[in-house]
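The values are calculated or read from the model by the stated rules, or taken from the named source; none is laboratory data. In this text, all values refer to a predicted model and were calculated from it rather than measured experimentally. Quick reminder, even Gly has a Cβ in these numbers, built from the backbone with ideal geometry, and neighbours come from all protein chains shown.
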Amino acid sequence: MDATIDTIDLGHLSRAYNNNNIDSDLDRQTTPKVPTFDIDKNQVLEQNNRWRARTVAKEIEISDSTWTCTDDGLSQTEKSTEKVKRSRQCVVKNLCVDRKGAFIRSSSWNLSPMPEVNLMSVNSASDIYWKPRVERARSKVMKAHYVDETLFVHGIFSPGHFSHWLYNGMLPLYSTMKRFNGTKDSWTFLAGSTYYDLEYKRSKGWEMGHVFQTGFELVLSQDQLVTDFQMLPPNDAPVCFRSAVVGLGNQCALDYCEFNIPAEVYSSFRDIVSDYYWRTPHMWERHLGIMQERIDAAARIQQQQLAAAGENIDAKPQRTPLKCLDLALYYNFEPSTGQNPVQPLKESKNRVGQLVPDTVDPEVDPSTGKRKLVIAVIQREGSRRLLNDKKLVEGLAAAGFRVKWITLDHGCGLAETAYLLRDVHVLASPHGNAIGASIFMPMSNPVPTLISLDASRYSESWFINTATAMGQRILQSVCGPNGYLDEATKTRCPYYKDVIGANKLFKTWGKKLVLGLTDEMAKEYREKAERDQLTPEVLQELRDSVANSPSAQKLAQEELDVLIGPEVPHTIIDKYGSKEVVYYLEVFWRDAPRHVDVPRVVALMRELQEDQEREQAVAAAAAQKSTYAYEPYFGYIRENRACGVKYCKQILKRNVLAESRVFGVHTIDDPLRWGQSAVDMKTLLEGLEDPQNWRPASLLS
């Protein structure tokens, strides 16, 4: 049987990777001679049983564990409030971890219990409260591995989803590290996780080596060994740490978190990524070489495994962390080559490793003496696909802008995603993870702008929260199937009936929706839906009745045409009830392919180009003054030109105006004063009492 490798698995290749021994990993895909088990009671494979840290178990003296918590000075009534419970963090001295979990040691029988700590930075329904078990210490001496570092104990939400991993997991963890003096040598312990709609697979892991350069993350399940950063606790003895910080403080940019992550933490995270991967051209070249060697080695292993099973295989994987670099196209870069502006280029060798602006890019447009914006257009090749992305990039290139066409759907690592966006001023993408990657855009000159390319029946606030927390402008450009401004827009935004996508949706989000029922059966369906009584048995009976009736099948097809048509399907909603129909439609409208109104988007970019030139003039005039880095962003809020989606007003109030704001507070500059005012916010907040939505003239005329 012929096969191809779809996704490459790099999870088992350790940091100690060496060309001379990588092939031997195939020989170690066996269980150890003495069986051991993980927390899920699965037998541990030999390659997962190796302890890769530079510690040895020995008899050492470990004092009784002690702890302090952020709410120690509060009354019991105050401690029991939702805000305090959800955001509590504790610092523990002498915390140990073994294959069963974490524990504290005590020689006393009367040890006061450590309070439970929330490990998550998500909504309250997904909170996980945790505390270590207590081990009775009969002696101060115990056999253990000892790490003279801080362990950060945390939880993670939907780790296979890039934006949830980043904004609900990695950034709250990084912020906690900054507050509690974590370093590149710190360790983490994943003590809890909540899954959303994606499984935690090795192919869904995201690298964290840029933060934890020598430390590791301890996990208890083999299923959580997603990169070479994770490993199980040692099997021969516990590993004990000098101290541990438990909990993330329930901080994130979303309003379901009790606290915000300060703006400087986002920019610091971006900086450590760039410093780690491409501070010099040599570093980026080295990274690319290592990644390619690992991809080739992993492909050889998979090829050997399938060959041993009697299968033929194409050794070239279709998805790798480097794929997005290979597929990216560049317009109006490197003009000295005489490039046709609408003919894309690959990234040439001499662009690799350069910072902002890249040395081979035109610092200024020769015809105007002004530097042109760099615009990234991101194509999604599954759901939310842009139907005329080629016309969009060609229109932008013809207008003189530097344009990158990017797709992330064939594989893209964190480093590669960051690299592609490192010099991008404007990011245009359908709603989704690509907008979440905006953290890697430059923070100024100009203020970065995000454009969500959406259909007119769908909008969502998720990335407005993250954008406003990072000082980024954001708006929607909608293109049908309704709300047309004039006949020209209607022509440029034709309705696209996505029948294939609609049918696929019945197997996932719409699996409880059944069409083609008689009025009597639909009434019964509607009543059961309202009472949450659509059991698998009930649904199967209804589907069978439709499948066995040609007239019902014909009716189902007619109703599907109405359901996914350009108008709101009021007749279908009235017949089957709003619960399941609207649930289905929300996802269909979100994920449907869409056009982009190219002339209006090009006109918007011209507006943004003028904004950049004005920013540069203001910056030049203030060159001798000490100004706050985010002051230009505050200027756009004051002009009501920072946020252009219907949810903006309330989000700006939380993230910019309220006491919970992300701006103007001490963070990495002085962790001892974390969250206290660091700049004169009174001046910056003048005129911002009632921010309004941004309505660019180019998108309205």
Practice item. Could you please find all residues in the range 653-682 being more than 16 Å from VAL265 (Cβ to Cβ) and either among the hydroxyl-bearing types (Ser, Thr, Tyr) or not assigned by TED's automatic domain parsing to the domain that holds GLY635 (or both)? Key: SER677
Study note, to complete from the structure: Of GLN230, GLN224, the only residue that is within 23 Å of the chain's Cα centre (by Cα) and either assigned by TED's automatic domain parsing to the domain that holds SER461 or modelled with pLDDT under 90 (or both) is GLN224
Exercise for review: State whether the residues of the range 119-130 include one that is surrounded by fewer than 22 Cβ atoms within 10 Å (Cβ to Cβ), in a strand (DSSP E or B) and either without any contact (Cβ under 8 Å) to a residue 60 or more places away in the chain or not basic (Lys, Arg) (or both).
Suggested key: yes
Exercise for review: Return yes when ARG661 is under 26 Å from TYR256 (Cβ atoms) and either modelled with pLDDT under 90 or not aromatic (Phe, Trp, Tyr) (or both) and no when it is not.
Suggested key: yes
**Study point:** Subset of the range 143-161 [crowded, with 22+ Cβ neighbours inside 10 Å and in contact with a Gly (Cβ under 8 Å, 6 or more places away or on another chain)]
**Key:** THR150, PHE152, VAL153, HIS154, GLY155, ILE156, PHE157, PRO159
Practice item. Name every residue in the range 448-474 that is surrounded by fewer than 23 Cβ atoms within 10 Å (Cβ to Cβ) and in contact with a Phe, Trp or Tyr (Cβ under 7 Å, 6 or more places away or on another chain), in order of residue number. Key: ARG457, TYR458, SER461
Check your understanding: Based on what the data block shows, is GLU520 surrounded by fewer than 22 Cβ atoms within 10 Å (Cβ to Cβ), modelled with pLDDT of 90 or more and of a type in the set (Asp, Glu)?
Key -> yes
Review point. Which ones in the range 671-690 are surrounded by 11 or more Cβ atoms within 10 Å (Cβ to Cβ) and part of a loop (DSSP other than H, G, I, E, B)?
Key: TRP674, GLY675, GLN676, ALA678, VAL679, GLY687, LEU688
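Every residue, every condition in (1) among the basic types (Lys, Arg); (2) touching a residue at least 40 places away in the same chain (Cβ under 8 Å); (3) not in a loop (DSSP other than H, G, I, E, B), yes or no:
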{"position": "TRP206", "(1), (2), (3)": "no, yes, no"}
{"position": "GLY209", "(1), (2), (3)": "no, yes, no"}
{"position": "THR214", "(1), (2), (3)": "no, no, no"}
{"position": "ASP223", "(1), (2), (3)": "no, yes, yes"}
{"position": "VAL226", "(1), (2), (3)": "no, yes, no"}
{"position": "PRO233", "(1), (2), (3)": "no, yes, no"}
{"position": "LEU254", "(1), (2), (3)": "no, yes, no"}
{"position": "SER268", "(1), (2), (3)": "no, yes, yes"}
Practice item. Using the structure shown, decide if ALA592 is surrounded by fewer than 17 Cβ atoms within 10 Å (Cβ to Cβ) and either of a type in the set (Gly, Ala, Ser) or modelled with pLDDT under 95 (or both). Key: no
Practice item. Check the range 517-524 and report whether any residue there is touching a Pro at 6+ places or on another chain (Cβ under 8 Å), touching a residue at least 12 places away in the same chain (Cβ under 8 Å) and not small (Gly, Ala, Ser). Key: no
Review point. Could we say that GLY182 is over 23 Å from TYR256 (Cα atoms), at pLDDT below 90, more than 16 Å from the chain's Cα centre (by Cα) and small (Gly, Ala, Ser) here?
Key: no
Check your understanding: Do we find that ASN693 is closer than 30 Å to ASP597 by Cα, in contact with a Pro (Cβ under 8 Å, 6 or more places away or on another chain) and not in a helix (DSSP H, G or I) in this structure?
Key -> no
Check your understanding: Just for strands (runs of 3 or more DSSP E) wholly inside the range 318-422: which have at least 3 residues that are at pLDDT 60 or above and under 19 Å from SER438 (Cα atoms)?
Key -> 374-379, 402-407
Practice item. Quick one: LEU608 ticks every box in (1) closer than 29 Å to SER677 by Cβ; (2) in contact with a Ser or Thr (Cβ under 7 Å, 6 or more places away or on another chain) except a single one, so which number is it? Key: (1)
**Study point:** Considering residues of the range 616-630 that are surrounded by fewer than 19 Cβ atoms within 10 Å (Cβ to Cβ) and within 13 Å of GLY471 (Cα to Cα) only, the residue modelled with the lowest pLDDT
**Key:** TYR628
Check your understanding: Mind checking which residues of the range 571-620 are polar (S, T, N, Q) and free of Cβ contacts under 8 Å to residues at least 12 places away in the same chain?
Key -> THR571, SER578
Revision key, fill the gap. Checked the range 239-280 for anything touching a His at 6+ places or on another chain (Cβ under 7 Å) and over 18 Å from GLY182 (Cα atoms); matches are VAL239, TYR277
